[in-house]
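What follows is a set of notes on a single structure, which appears directly below.
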Number of protein chains: 2
Amino acid sequence: MSDIEQQARACRAAATMVAGLDTAQRGALLRAMAAALESNAGQILAGNARDLAAARAKGIGNAMLDRLMLDPSRLFAMAEAVREVAGLPDPVGQVTRDDVRPNGIRVQKVRVPLGVIAMIYEARPNVTAEAAALCLRAGNGVILRGGSEAIHSNTAIAAALGSALAAHGVPEAAVTVLTDLRREAMLELLQLHELIDLAIPRGGEGLIRFVAEHARVPVIKHYKGVCHLFVDASADVAQAVDLLVDGKCSRPSACNSLETLLVHRDIAGEFLPRAGQALASRGVELRADALSQPLLPGSTSASDEDYAAEFLDLIIAVKVVDDVEAAIAHIRRYTSDHTEVIATRDAANAERFIHALQSAVVMVNTSSRFSDGGQLGLGSEIGISTTRLHAYGPMGLEALTVERFVVRGEGQVRTAKM
Amino acid sequence: MSDIEQQARACRAAATMVAGLDTAQRGALLRAMAAALESNAGQILAGNARDLAAARAKGIGNAMLDRLMLDPSRLFAMAEAVREVAGLPDPVGQVTRDDVRPNGIRVQKVRVPLGVIAMIYEARPNVTAEAAALCLRAGNGVILRGGSEAIHSNTAIAAALGSALAAHGVPEAAVTVLTDLRREAMLELLQLHELIDLAIPRGGEGLIRFVAEHARVPVIKHYKGVCHLFVDASADVAQAVDLLVDGKCSRPSACNSLETLLVHRDIAGEFLPRAGQALASRGVELRADALSQPLLPGSTSASDEDYAAEFLDLIIAVKVVDDVEAAIAHIRRYTSDHTEVIATRDAANAERFIHALQSAVVMVNTSSRFSDGGQLGLGSEIGISTTRLHAYGPMGLEALTVERFVVRGEGQVRTAKM
């Protein structure tokens, strides 16, 4: 048996123990994990310093360095996030259906943990602690395969979490941080469909496509977020400008940021000059179609690729459309099934927009930046799904469980007398 | 573009139209489909007669012939099943969460169709109509890839259903019955992850493994059902015998039939002779461990493989265990995650059994044969899942949908002033 398979087997055995803990025990375990992150701050920051030094030596860019960097305040925020997960409502054991059949058998659907989750992610070491907390809160084991850039941070975090697990009588394998980061090891991990119930890749589109392409375990993922804002003829112009600026500028690198602005022709003359000014003053580059370009000083011509692009940057594609149907048709063509927003005061158009589009999150008069597990009330987010299976949209604790059947009877049989 | 891809694209386009119909429209469509099956009975039975003649010429066995065979009464039962699906509660549009966040945005989770379902199945032509009905009821399109033995039955059924679709203004591609049954065509279908949201293989383990092995679309499946009955020391003996006989004998070829009997040592002396007699009188072959063999006249020695086997026949493996923990340990080792039953009058042991086992269906004092969508109140069953993702256990209409987010606000933005 290979090392990877051995680790997966150990995690699976530990997951059975985690599933056996009750809500209070899992809560206490998570609080101990948070405390261990704090009491091991020295080791974790030292590990992180090694990663940062290596990253700088490799000439890694500032954005990446910032994602990788831990300091005391970030570390305590990480511990606090783990404590918050400890305080979230426990999905495990939740009864979602309770029904007595005509023959008297009582049929319940009850949430149970998924089993073992494999997280594949890149350089953010806080994902290590938060994903571990979410998976354990929902009664699962977790295998964490982070990026090589964060290896010393991640192993130090794992050691801290492991000490808390051990103190609670749970095998440390319940949170397994892989140190064999070769691509072949990841490939092997992704084949273990009898040991791993779900893989969640998080990171760049290349990593996610690699995982989706090669996995024999189920994968929940989203490749990208090409989020649209459609400003209807009846929109409140000032409000729509706010939604646009927040959606595009508050964090351009986030997947829930806007990439395309669609504007109803009847409001374009009023809306676009104000919108263009607001965006330009924040350094946003505008790529516009023939109808909107004259209304947007400094804009360039949008290509077809611009409408399909996730810029992850201060760039936006703009197009004037005839009506809500034309907006829907455009979005259907280019959607990544992530998040779409309509700004409107027309209730019928809002409902039409909601029902015609099947994206994971559809919004009316609200910023796309709320398309996030925490903002939508899920507590914390393990990932986002744009595949319509199991979960669709931001995923919280519930997405780490599944409903199964518990049936109680008094000797009922299906074929009365045989 | 290949034929298969073209058909999948057409189905996807049609599925968008089906998703746009409301509950009443989809209900009317299904009732028209049922009526079309009846009014096209002549063509369907003629197609089925061709299939039966070809099957007989190939020397296909009686069990298979019976599965393939349609007659007027089976055909009307098929139409009736479609009508029943038309009458089931509509999962689409169901609001499963409705919550106003502190900032005033209203967050709902609402069920939407999955999109396009690919069903891969073997010789039962009634699956064609029932799967089509279930998929359309839940707002999806469906691609049906049946067995070559049923090709003329299936195309005749598809033609009947297609006429009903066309009469309701829905493209016939919403129910696409593939006629290219080459293995390469199936392989191609299973790669179309941007067009197909879910594949459900139903049939022998070989077919299912082939689909799971080669699919790049998500697959929900179960390989086999190794269902256990554990008779606890406190069981009502007469009741436990009934559960055993019903579970093993009422339909041995069903996946929810019992394959292994575990008996608490303290009750074995009383229970096993009665159980053995009841089974033997129904022609059941007994494969027993060393402790149970003396109590079961005519039994043979069970091997390790017998405890892992899905016999699908009048054969059962028997073992005496020390207590509920030993029963749990045995089941954990051999489970197929399908259905496990405990016969007991001890409430603590019942709860321990339920919580220690993570199978899709866990039952107390009830026949395993109730582990079926219809019996559990799902209305009708599209398949059974033993993977813990999306659905676990018998799958009804709800499993053909997913919850997405609908968010309504009044201009809220995430970053107050930028």
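Computed quantities for the displayed model
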| item | result |
| --- | --- |
| For B:Leu198, residues with placed amide H under 5 Å, excluding near neighbours | B:Val116, B:Ala118 |
| Relative contact order of region A:128-215, pairs being alpha-carbon contacts under 8 Å that are 6 or more residues apart, as % | 27 percent |
| Chain A Cβ-axis minimum, rotational copy B, residue and distance in Å | A:His390, 2 |
| Peptide-level mean, for A:397-405, of C-beta atoms on other protein chains within 10 Å | 5 |
| Descending Cα extents along the principal axes, the protein assembly as shown, whole Å | 91, 71, 43 |
| Unit charges on C-beta of K, R, D, E only; dipole of the protein assembly as shown, Debye | 100 debye |
| Relative contact order (%) - region A:227-370, alpha-carbon pairs under 8 angstrom, separation at least six | 33 percent |
| Carbon/sulfur fraction of accessible area - chain B, other protein chains in place, 1.4 Å, % | 50 percent |
| FRET efficiency for A:Arg101 and A:Ala77, using Cβ-Cβ distance with R0 set to 45 Å, rounded to 0.05 | 0.35 |
| Net charge, B:Ala133 excluded, C-beta distance under 9 Å - Lys, Arg +1, Asp, Glu -1 | 0 |
| Other protein chain Cβ atoms within 10 Å, averaged over every residue that makes up B:389-395 | 6 |
| Distance between modelled label sites at B:Thr415 and A:Leu312, nm, 7 Å Cα→Cβ extension | 1.8 nm |
| Cα-centred dipole magnitude for region A:227-370, charges only on beta-carbon of K, R (+1) and D, E (-1), debye, nearest 20 | 260 debye |
| Solvent-accessible heavy-atom area per residue, rounded to whole Å², over region B:227-370 at 1.4 Å | 35 Å² |
| Length-normalised contact order of chain B in % [C-alpha pairs under 8 Å, at least 6 apart] | 17 percent |
| Packing-based order for B:107-119, B:351-363, using average beta carbon neighbours within 10 Å, highest first | B:107-119, B:351-363 |
| Distances in nm from A:Gly204 to the matching label points in the other copies, shortest first (labels 7 Å along Cα to Cβ) | 4.7 |
| Qualifying lysines (Cα of each under 29 Å from Cα of B:Lys248; at least 8 residues distant if same chain) | A:Lys109, A:Lys417, B:Lys221, B:Lys224, B:Lys319 |
| Using a 7 Å Cα-to-Cβ projection, B:Asp99 label spacings across copies, nm, ascending | 2.5 |
| Cβ neighbours within 10 Å from other chains - mean over A:74-86 | 0 |
| Heavy-atom accessible area, 1.4 Å probe, ligands and nucleic acids excluded: residues of region B:357-382 down by at least 30 Å² from chain alone | B:Gln358, B:Val362, B:Val364, B:Asn365, B:Thr366, B:Arg369, B:Phe370, B:Gln375, B:Leu376, B:Gly377, B:Leu378 |
| Charge-dipole axis of chain B as Lys and Arg at +1 and Asp and Glu at -1 on Cβ define it, positive-most pick from B:Leu296, B:Phe210, B:Asn154 | B:Asn154 |
| FRET E, pair A:Glu285, B:Glu84, Förster distance 51 Å, beta-carbon r, rounded to 0.05 | 0.35 |
| Solvent-accessible area per residue, Å², over region A:5-44 with all protein chains present [probe radius 1.4 Å] | 42 Å² |
| DSSP bridge pairs, chain A: antiparallel proportion in percent, nearest 5 | 30 percent |
| Separation of the A:Ala326 and A:Asn62 label points, Cα + 7 Å toward Cβ, nm | 4.2 nm |
| Calculated label separations, A:Ser163, copies of the chain, 7 Å along the beta-carbon direction, nm | 7.7 |
| Of A:Val321, A:Val364, A:Val95, the one that fluctuates the most in a GNM where chain A has Cα springs shorter than 10 Å | A:Val95 |
| Whether region A:227-370 is rounded, prolate or oblate, judged on the alpha carbon gyration tensor where a/c under 1.5 counts as rounded | rounded |
| Interface area, B with A, accessible, probe 1.4 Å, both sides summed, Å² nearest 100 | 6200 Å² |
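The values are calculated or read from the model by the stated rules, or taken from the named source; none is laboratory data. In this text, all values refer to a predicted model and were calculated from it rather than measured experimentally. Note that each Cβ is placed from the backbone with ideal geometry, even for glycine, and that neighbours are counted across all protein chains shown. For the accessible areas, the whole protein counts, side chains as well, though only heavy atoms, and no ligand, DNA or RNA atoms are used. Shrake-Rupley method; radii C 1.70, N 1.55, O 1.52, S 1.80 Å.
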